[in-house]
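Since the structure comes first, as structure tokens, the remarks are kept for the end.
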Amino acid sequence: MTKTIVVTSGKGGVGKTTTSASIATGLAKRGYKTVVIDFDVGLRNLDLVMGCERRVVYDLVNLVNQESSLHQTLIKDKRIENLYILPASQTRDKDALTIEGIARVMHKLKKSDFDYIICDSPAGIEKGAKMALYFADEAIVTTNPEVSSVRDSDRILGILQSESKRSKMNEEPVKEHLLITRYNPGRVKDGQMLSVDDIVDLLAIPLLGIIPESPTVLDCSNEGKPVILDDDSEAGQAYSDAIDRLLGEITKPHRFMEAPKKGFLSRLFG
Amino acid sequence: MSSKAGVELKGGMYTFMSLKLHTSDTDIINQQLADKVQQAPAFFKNTPVVVDFSALEALTDEQFDANELIECVRRHKLVPIVASLSNKSSPLGDSIAIPLIEGSVRSAATQKSTEKQSSQEQTEEQNEPSSAIEGSTISREVEFIVKAPLFINKPVRSGQQIYARETDLIIMGPVGPGAEVIADNNIHIYGPLRGRALCGVSGNASTRIFCTSLEAELVSVAGSFRMLETIPPELRGKPAQIWLEDGKLRIEPL
Ligand SMILES: Nc1ncnc2c1ncn2[C@@H]1O[C@H](COP(=O)(O)OP(=O)(O)O)[C@@H](O)[C@H]1O
Ligand SMILES: [Mg+2]
């Protein structure tokens with residue numbers, strides 16, 4: 001059974017693409033045949049984060065328009081077995097996508113025995129974001145610890161409930177997961193950011209993980225390497241934990257919620 | 001390719017809001033519609049309505065311009081889809097520029113929604129703002145039939161609207177900021193109210209709002225409303241009830 005998971009948020013720049021890349025890579029590393037689709041037509045950057053931008057020949061719009069085959073369009077990852085990238089088009093706009101066209105692509109992916117389809121959603125609550133979430137069985141709602149981001153997430157949860165295929169067909173609702181990204185415990189303590197408890201209380205959905213704010217994320221993006229492959233980084237480990245929870249280990253304790261204890265020197269100098 | 005049908009023509013029953021006009025005076029209609037719509041702008045925006053002209057059929061078209069009345073309805077962001085007359089071939093019918101239907105929409109709509117209620121399958125209507133509150137704007141002849149409350153056991157999210165027509169609304173879960181919960185009767189929220197709650201929207205002033213944590217953007221009882229800024233800070237985040245007393249909105253801790 002193929003599972004389709006959308007990574008969505010409403011707001012831009014919260015870490016959807018970073019998350020899509022790491023979740024897809026993490027699942028493939030555990031042996032699941034996984035494809036990650038960039039729905040951000042016109043602003044593609046998943047291929048950069050995955051480090052395959054020079055290997056893009058065809059893209060999602062070509063595939064939707066039946067100008068290329070699945071085999072021609074999917075890019076196989078060079079590091080991880082079982083991992084494929086379906087890039088977005090740089091040149092077309094979002095109107096090039098249609099639900100019927102995407103339905104055909106989803107059908108082909110299911111026939112190719114993919115275990116997971118990860119959909120990296122564009123920002124906003126317009127057509128592009130709605131396309132990305134339409135076929136979802138599960139949703140990873142990516143939220144930063146800020147009021148505006150939480151509110152957009154609330155909004156997108158409403159859209160998942162009313163505009164996904166599952167809701168339109170009256171099927172079991174989309175399973176919702178909260179992923180808090182760019183979490184900075186120091187700034188939470190100062191009251192500049194919302195705490196994990198605040199966010200969980202506001203959104204009232206199960207917590208999949210907390211990804212700390214970390215400069216490693218940008219370094220990895222620049223290298224074209226999903227941060228989950230960096231075992232030494234806290235962000236990488238936090239994504240690994242999130243994979244465990246996604247695969248059913250829901251009681252796994254959350255890490256990286258506390259501000260690091262200040263060392264002797266920094267205590268001296270405040 | 002399969003020969004799957006691309007279209008299917010079927011009979012169907014839909015519930016629409018109907019707007020009964022009791023006067024041809026555009027100023028009065030304008031004013032009353034503005035008052036009504038302002039209570040729940042998001043709820044009424046782009047909502048299809050049946051414009052019921054049956055009370056004006058006796059007037060001749062020299063006395064008023066039906067299309068001007070329809071235009072007036074449009075200006076309030078309602079979408080007139082059809083005009084209803086008790087007799088389609090009455091002279092008034094010829095002058096109306098939108099499609100016509102015949103008969104009493106009012107009773108049909110009421111019956112339909114009662115059936116729907118009793119079959120217990122009354123879910124939230126954010127995608128179906130067509131539920132009837134017919135006649136409530138201009139007439140005031142609202143009958144309250146005892147009905148099962150509308151029961152929502154999941155969070156109401158930002159951007160969603162829920163309307164409990166002629167009944168109580170019970171919500172188990174939070175009402176998010178930017179969400180709107182509306183009822184003709186009482187509203188009970190077992191969770192924080194962070195969005196807008198409007199009870200008694202058809203004019204029932206003896207209705208109340210209850211919530212376990214008051215953080216609302218706006219609360220309104222039968223059209224009297226208060227915004228967050230004017231809610232006393234000591235009541236914020238506390239269980240509270242909101243009701244009307246001598247025409248004044250009261251908010252008290254539970
Ligand atoms: N945990 C994190 N720590 C630090 N920077 C991050 C983190 N997650 C994402 N970023 C950075 O935030 C920016 C936006 O991330 P991206 O994944 O492209 O967001 P989106 O797809 O939601 O627009 C990028 O520069 C990315 O490197
Ligand atoms: Mg992105």
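Out of the range A:68-81, which residues are assigned to a loop (DSSP other than H, G, I, E, B) and in contact with a strand residue (DSSP E or B) (Cβ under 6 Å, 6 or more places away or on another chain)? It would help to see each step written out before you state the result.
From the range A:68-81, those assigned to a loop (DSSP other than H, G, I, E, B) are A:68-69, A:74, A:77-81; that's our starting set.
A:LEU74, A:ASP77 - these are the residues of the range A:68-81 that are assigned to a loop (DSSP other than H, G, I, E, B) and in contact with a strand residue (DSSP E or B) (Cβ under 6 Å, 6 or more places away or on another chain).
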Review point. In the range A:153-183, which residues are part of a loop (DSSP other than H, G, I, E, B) and either within 9 Å of another protein chain (Cβ to nearest Cβ) or over 19 Å from the mean Cα position of the chain (by Cα) (or both)?
Key: A:MET169, A:ASN170, A:GLU171, A:GLU172, A:PRO173
Exercise for review: Can you tell me which residue among A:ILE180, A:ILE211 is within 16 Å of ligand 2 (Cβ to nearest atom) and modelled with pLDDT of 95 or more?
Suggested key: A:ILE211
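Just the residues that are of a type outside the set (Asp, Glu) and more than 13 Å from ligand 1 (Cβ to nearest atom), please, taken from the range A:194-221. Let's see the steps before the verdict.
The initial filter retains those residues of the range A:194-221 that are of a type outside the set (Asp, Glu), namely A:194-196, A:199-200, A:202-212, A:214-218, A:220-221.
Passing the criteria: A:LEU194, A:SER195, A:VAL196, A:ILE199, A:VAL200, A:LEU202, A:LEU203, A:ALA204, A:ILE205, A:PRO206, A:LEU207, A:LEU208.
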Check your understanding: Within the range B:168-184, is even one residue open to solvent by 10 Å² or more (accessible area, probe 1.4 Å), at pLDDT 95 or above, within 14 Å of another protein chain (Cβ to nearest Cβ) and not in a loop (DSSP other than H, G, I, E, B)?
Key -> yes
Point to revise | Positions within the range A:112-134 being in contact (Cβ under 8 Å) with a residue 60 or more places away in the chain, away from chain B (no Cβ under 14 Å) and either buried (at least 21 other Cβ atoms within 10 Å of the Cβ) or among the aromatic types (Phe, Trp, Tyr) (or both), in sequence order | key: A:PHE114, A:TYR116, A:ILE117, A:ILE118, A:CYS119, A:ASP120, A:SER121, A:PRO122, A:GLY128, A:MET131, A:ALA132
Point to revise | Every residue from the range A:175-212 that is of a type in the set (D, E, K, R) and out of contact with any Gly (no Cβ under 9 Å at 6 or more places or on another chain) | key: A:LYS175, A:GLU176, A:ARG187, A:LYS189, A:ASP190, A:ASP197, A:ASP198, A:ASP201
Review point. Does A:GLY224 satisfy the criteria of being more than 10 Å from ligand 1 (Cβ to nearest atom) and either within 16 Å of the chain's Cα centre (by Cα) or on the phi > 0 side of the Ramachandran plot (or both)?
Key: yes
Study note, to complete from the structure: Within the range A:97-111, of all residues that are closer than 25 Å to A:LEU157 by Cα and more than 14 Å from every other protein chain (Cβ to nearest Cβ), the one nearest to ligand 1 (Cβ to nearest atom) is A:LEU97
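Give me the residue from the range A:31-79 that is touching a residue at least 60 places away in the same chain (Cβ under 8 Å) and away from ligand 2 (no atom under 16 Å from the Cβ) and, out of that set, nearest to the other protein chains (Cβ to nearest Cβ). Show your work before the answer.
Pass one, the range A:31-79, residues touching a residue at least 60 places away in the same chain (Cβ under 8 Å): A:32-41, A:43, A:46, A:48-53, A:79.
Then keep just the ones that are away from ligand 2 (no atom under 16 Å from the Cβ); that gives A:32-35, A:79.
Numbers: A:TYR32: 30, A:LYS33: 28, A:THR34: 29, A:VAL35: 26, A:ARG79: 38 Å.
Once the filter is applied, the top-ranked residue is A:VAL35.
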Study note, to complete from the structure: A:ALA28 fails exactly one of (1) within 12 Å of ligand 2 (Cβ to nearest atom); (2) part of a helix (DSSP H, G or I), namely (1)
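The values are calculated or read from the model by the stated rules, or taken from the named source; none is laboratory data. Computed from a prediction, not measured in an experiment: that's the story for all the values here. Glycine also receives a Cβ, built like all others from the backbone with ideal geometry; neighbour counts cover every protein chain displayed. The accessibility values were calculated without ligands, DNA or RNA, using every heavy atom of the protein model including side chains. Shrake-Rupley method; radii C 1.70, N 1.55, O 1.52, S 1.80 Å.
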